[in-house]
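Undergrad: Can you keep this structure in mind? I'll have questions shortly.
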Amino acid sequence: TAMFLAMHYTSDIATAFSSVAHICRDVNYGWLIRNMHANGASFFFICIYLHIGRGLYYGSYLYKETWNVGVILLLLTMM
């Protein structure tokens with residue numbers, strides 16, 4: 001969905017809001033693609049948080065190098 005949204009989105013501060021409105025109003029099923037993208041991203045981060053919770057429950061934080069790599073990957077994912 002990100003590729004379809006990127007074809008119509010502009011990141012310029014003056015036209016960003018109007019490009020989102022264009023996606024929702026003028027692109028065929030643009031509102032659906034936008035909602036699928038938002039819900040998919042939310043589900044992705046819920047899965048990441050569940051994975052972190054699983055690591056906390058099973059004590060994976062004791063493996064310092066592995067845990068630090070995971071934290072770095074989480075921060076890079078959020079950028």
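Just so it is clear, none of the values below were taken in a lab; they were calculated from the coordinates. All values derive from a computational prediction rather than experimental measurement. A quick note on method: Cβ atoms are made from the backbone with ideal geometry, for glycine too, and the neighbour counts reach across all protein chains shown.
Undergrad: Once you keep just the Cα pairs under 8 angstrom separated by 6 or more residues, what percentage relative contact order results for the chain?
TA: Once normalised by length, the contact order is 20 percent.
Undergrad: Helix 64-78 versus the longest principal axis of the chain: what is the Cα-based angle in degrees, 0 to 90, to the nearest 10?
TA: The two axes meet at around 10 degrees.
Undergrad: Nearest 10 degrees, 0 to 90: what angle lies between the long axis of helix 30-57 and the longest principal axis of the chain (Cα atoms)?
TA: 10
Undergrad: Rank the residues 34, 54 as a footprinting-exposure proxy: fewest other Cβ atoms within 10 Å of their Cβ go first.
TA: The fewest-first ordering by Cβ neighbours comes to 54, 34.
Undergrad: Whole number please: convex hull volume per residue of the Cα set in the chain, in Å³?
TA: Hull volume normalised by residue count: 95 Å³.
Undergrad: Next up: Rank these for me by crowding, 7, 79, 36, going from fewest to most other beta carbons within 10 Å.
TA: Least to most surrounded, the residues fall as 79, 7, 36.
Undergrad: Now a separate question. When only C-alpha pairs under 8 Å and at least 6 residues apart count, what is the relative contact order of the stretch 1-45, in percent?
TA: Values: 25 pairs, mean separation 17.1, N = 45.
Value for the stretch 1-45: 38 percent.
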